[in-house]
Amino acid sequence: MRLVLLPYLILAVVLFSSCSKDEAPAVSIPVTFQIEHFVDGASLALDSLKYENAAGNLLSISRLSYYLSDFQLIDEADVIWSFPQPYLVDHAHPEDRMIEVGRVPPGQYHLRFLVGLSPSLNQPGSLPNNLRNNEMIWPTMMGGGFHFIKLEGHFLNAEDKPTGFTVHLGTEGFTSPQRPEEVVKIGMDHPVITLRMEVLEWFDTPTLYDLNEGNYSMGDSVLMRQLSNNGRDAFTVLP
Amino acid sequence: MRLQYFHSLFFGWAALVILMACNKGDDPIQPNPDPNWNPTYVSIDQPNWFPAMPAPDLNPTSLEGIALGRRLYYDAALHPEGSFSCSSCHVQSEGFTSNPGGTAVVSHVNLGWYDAFLWNGKIEGGLENIMYFEVNDFFQTDVDRLSVNEVYRGKFFQAFGDSTITRVACSKALAQFVRSMISADAHYDRYKHGNELPTPDEVMGEKIFNSEAGDCFHCHVPPLFTDNSFHNIGLDSVFEGDAVGRFLVSGNDYDKGAFKTPTLRNIALTAPYMHDGRFQTLEEVIDHYNEGVHSSYSLDPIMTKPGKENGLQLSETQKQQLIAFLLSLTDSTYVSNESFSSP
C-alpha cells in the first residue's frame, strides 16, 4: 500500500516545483518602487511656465528622463542586498514609473541608489540596443556612455525673455548618489515604496543654481559638478 | 481494478493541470483558414549596430507580403484614376523622395524605426498606421479597381490567406515592403564597421557633428540620425498656418514651429531641405544653423547654448568638414538595390 502512495508523493513534488524555477524563496518580498516627480507639492506638469526655482527663475519643464541604477538595500544586520540593473525613467512614459528591482526578506532597510549609471554600465554597448537607450547616448568623443539625465525646459531670462535650458549630465564622476534618510519598510503590508523626486532640488543645495549663469550644462564640468551635487538629495522615500 | 481506474483519472487530471499552469506565456495556436495558404515568414534583416526595430503585433512579415507591397508601391492602381503611385513622389534614385514643390516629401528610409509620421507627426503608431492613412486618406484607393485583377487577388491570397482586397490589407502589404527598406551601407557604415577609411575631413566633420561644436547629435542621433521627436530649430519666429508644425497635433504652445527630425541618411540625395523645402543645398542648411536661427519662446532648448543663440559660429573650414561628413551618409547601394526597385 505504501508503494501505491509513492507516485502521489512524486506528483506533489512535481506540482510544487515545476513552475517556480525563477522564483526566489517564499520568505522574500518583491521590492517595487513607484516613482513620483513633484514640484511645489504637486505632480510635475510638463510645459507650464509656472515653476520658480530657489534662484527665482520662472521656468517650465519640457523633458525629464534619467537612469536609476545600483539599488542597494542595507538591512539591520548591515547585509547589503544589491540590484545593479539600470532603469530608464521618462516622465512622458508613465509605465516607467513603477519598477521592481528584485526581492528581499521582509524587514527594515536603508536605501542607496544612483541617478545615473555606474562606470561598468556607462559603456558603449552595455545597455540593450533599443531606440530609447540609443536616444540617451553620450557621444564617444565627449566621453562616451549615456546621458544620466536630460532635464530640459524654458525659463524667463534676466531680460525677461523666454529661452531654453538643458541639464544634461553624463560621464564618470557626475552621477548623483541618493541616500535617503528615511527607513524603507518592506513587507506584505508595504507592497510598493514611493520614491519622490522634487524636481527643483536640482537647482538648489548645496549650490544655488541660477539658469541665467548656466543654462546649458553638457560639456561644462563646473556646471555638471554643481548640478550632480545638487541632485544628491532630489529623492525622498515617502512613509 | 477500480484503484487502477482512479490512478489513470488522477494522473490525467494532474498532467492537464501542469500543462495549463506552465504554458501561460506560449503563443496561441494560429488558425489557418485555408490549407493552401502557406506564407514564407521572414525576419527583417537589420544591422546589428542599429537599435532593435519594433516588431509589428498583427502583421508578421512574409516574402509574399513584401512582394505584394512592393508591387502596390509602384502601381498607380492605388490611385482611383490611376494617376500616380507611391513611387511617383518617392523616387529610388533620389533616396525615395523627390522635389515636387510645397511641403517636402519625406524620404522613405529606415521607416520601420519610426513611431510618428508626417512632418507634424499626426499619424502615430507603426508603419501599418501610416500606410493605412496613405491608402485610405491620401490615395482613397478604390479596392474594387484592384479586385478585378485576378493576379492581385492571387497575390493577396498568398500574402494574407484571403483574396478579398481591402484597404487594410493593402496597407499591411505596403508596411511590410517599407519595413524591409533599410539603408545601412553608406560610406559612414563601412568606415565604422567595415574596411573603408574616412577622409580627414570626414573625421573632423564627425567630431563637429558629435560634439558641442555642432551639437547635431542630440536630435540626429546615430545610427538612424533621427530621434523620432519634434523640434523648433529656429526657422521662423512667427508661426502661422502649417508653420505651427507639431502644435496642430499636440495643442502645446511649446510645439509651435516644431517638426519631426528627418533622418540624415542619404541627405545628399534628398534636397530640398526642411519641412517646406526652403533650402536647396546643404550649404544653405549649415548656414541656417550657423547664423540664421530665429529666436522664439518655443525655440528648442538644445538651440539656446550661451554664445550660440543665433547660430553655431562655425568657420568656413568647419562647415566644409561637416558637409563632408554628411556626404558620407549616402548609401549608393540603397538607391540602386533591385529589391526596392519597380518589380
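Taking the condition of being at the interface with chain B (Cβ under 10 Å from one of its Cβ atoms) and more than 22 Å from A:Met141 (Cβ to Cβ), how many residues in region A:210-228 meet it?
So the answer is 4.
Given the condition free of Cβ contacts under 8 Å to residues at least 40 places away in the same chain, open to solvent by 40 Å² or more (accessible area, probe 1.4 Å), more than 21 Å from A:Ser120 (Cβ to Cβ) and not basic (Lys, Arg), answer yes or no: does some residue in region A:208-219 qualify?
Within region A:208-219, one or more residues are free of Cβ contacts under 8 Å to residues at least 40 places away in the same chain, open to solvent by 40 Å² or more (accessible area, probe 1.4 Å), more than 21 Å from A:Ser120 (Cβ to Cβ) and not basic (Lys, Arg).
In region B:184-232, what count of residues is obtained for those that are within 11 Å of chain A (Cβ to nearest Cβ), in contact with a Pro (Cβ under 8 Å, 6 or more places away or on another chain) and hydroxyl-bearing (Ser, Thr, Tyr)?
So the answer is 2.
Yes or no, residue by residue, for (1) modelled with pLDDT under 95; (2) of a type in the set (Lys, Arg); (3) touching a strand residue (DSSP E or B) at 6+ places or on another chain (Cβ under 9 Å):
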| residue | (1), (2), (3) |
| --- | --- |
| B:Met131 | no, no, no |
| B:Gln140 | no, no, no |
| B:Phe156 | no, no, no |
| B:Thr166 | no, no, no |
| B:Phe177 | no, no, no |
| B:Lys192 | yes, yes, no |
| B:Lys207 | no, yes, no |
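Only residues in region B:66-94 that are outside any helix (DSSP H, G or I) count as the first member; pair them with residues that are of a type in the set (Gly, Ala, Ser) and open to solvent by 50 Å² or more (accessible area, probe 1.4 Å), Cβ under 7 angstrom, at least 6 apart or cross-chain, and list the lot.
B:Tyr74/B:Ser342
Give me the pairs, please: first residue somewhere in region B:300-318 and within 13 Å of B:Glu212 (Cβ to Cβ), second residue anywhere and surrounded by fewer than 12 Cβ atoms within 10 Å (Cβ to Cβ) and charged (D, E, K, R), beta-carbon distance under 8 Å, and either six or more positions apart or on two chains.
Sorted first by the residue in region B:300-318, then by its partner, the list stays empty.
How many of the residues in region B:276-299 are open to solvent by less than 20 Å² (accessible area, probe 1.4 Å) and in a loop (DSSP other than H, G, I, E, B)?
Counting residues in region B:276-299 that are open to solvent by less than 20 Å² (accessible area, probe 1.4 Å) and in a loop (DSSP other than H, G, I, E, B) gives 5.
Take B:Pro60 and tell me if it is in contact with a Phe, Trp or Tyr (Cβ under 9 Å, 6 or more places away or on another chain), surrounded by fewer than 18 Cβ atoms within 10 Å (Cβ to Cβ), closer than 19 Å to B:Trp113 by Cβ and at pLDDT below 95.
No; evaluated as a whole, the condition is false for this residue.
How many residues are on the phi > 0 side of the Ramachandran plot, within 14 Å of another protein chain (Cβ to nearest Cβ) and of a type in the set (A, V, I, L, M, F, W, C) if we restrict to region B:82-128?
Counting residues in region B:82-128 that are on the phi > 0 side of the Ramachandran plot, within 14 Å of another protein chain (Cβ to nearest Cβ) and of a type in the set (A, V, I, L, M, F, W, C) gives 0.
What single numbered condition from (1) at pLDDT 95 or above; (2) out of contact with any Asp or Glu (no Cβ under 6 Å at 6 or more places or on another chain); (3) surrounded by fewer than 22 Cβ atoms within 10 Å (Cβ to Cβ) fails to hold for B:Ser211?
With respect to (1) at pLDDT 95 or above; (2) out of contact with any Asp or Glu (no Cβ under 6 Å at 6 or more places or on another chain); (3) surrounded by fewer than 22 Cβ atoms within 10 Å (Cβ to Cβ), B:Ser211 is out only on (1).
If you check every pair at least six apart or on different chains, which have Cβ atoms under 6 Å apart with a residue in region B:327-343 that is touching a residue at least 24 places away in the same chain (Cβ under 8 Å) first and a residue that is surrounded by 12 or more Cβ atoms within 10 Å (Cβ to Cβ) and charged (D, E, K, R) second?
B:Ser328/B:Glu202; B:Leu329/B:Arg265; B:Asp331/B:Asp185; B:Thr333/B:Asp185; B:Pro343/B:Arg70; B:Pro343/B:Arg71
For residues that are in contact with a helix residue (DSSP H, G or I) (Cβ under 8 Å, 6 or more places away or on another chain), surrounded by fewer than 21 Cβ atoms within 10 Å (Cβ to Cβ) and under 21 Å from B:Ser229 (Cβ atoms), scanning just region B:257-274, find the one that is farthest from the other protein chains (Cβ to nearest Cβ).
B:Tyr273
If I ask for residues that are of a type in the set (A, V, I, L, M, F, W, C) and outside any strand (DSSP E or B), which ones from region A:58-85 would you list?
Scanning region A:58-85 gives A:Ala77, A:Val79.
From A:Leu46, A:Leu127, A:Leu121, A:Leu88, which residue is assigned to a strand (DSSP E or B) and either within 14 Å of another protein chain (Cβ to nearest Cβ) or over 14 Å from the mean Cα position of the chain (by Cα) (or both)?
Among A:Leu46, A:Leu127, A:Leu121, A:Leu88, only A:Leu88 is assigned to a strand (DSSP E or B) and either within 14 Å of another protein chain (Cβ to nearest Cβ) or over 14 Å from the mean Cα position of the chain (by Cα) (or both).
Looking at region A:130-146 only, could you name the residues that are in contact (Cβ under 8 Å) with a residue 24 or more places away in the chain and at the interface with chain B (Cβ under 7 Å from one of its Cβ atoms)?
Passing the criteria: only A:Met142.
Residues of region A:55-83 being within 14 Å of chain B (Cβ to nearest Cβ), open to solvent by 30 Å² or more (accessible area, probe 1.4 Å) and in contact with a Phe, Trp or Tyr (Cβ under 8 Å, 6 or more places away or on another chain), which ones?
Within region A:55-83, A:Leu58, A:Ser62 meet the criteria.
How many residues, within region B:225-245, are open to solvent by less than 10 Å² (accessible area, probe 1.4 Å) and either among the β-branched types (Val, Ile, Thr) or assigned to a loop (DSSP other than H, G, I, E, B) (or both)?
3
The values are calculated or read from the model by the stated rules, or taken from the named source; none is laboratory data. Quantities reported herein were computed from a predicted structural model and do not represent experimental measurements. Glycine also receives a Cβ, built like all others from the backbone with ideal geometry; neighbour counts cover every protein chain displayed. Surface areas here come from the heavy atoms of the whole protein model, side chains and all, with no ligands, DNA or RNA. Shrake-Rupley method; radii C 1.70, N 1.55, O 1.52, S 1.80 Å.
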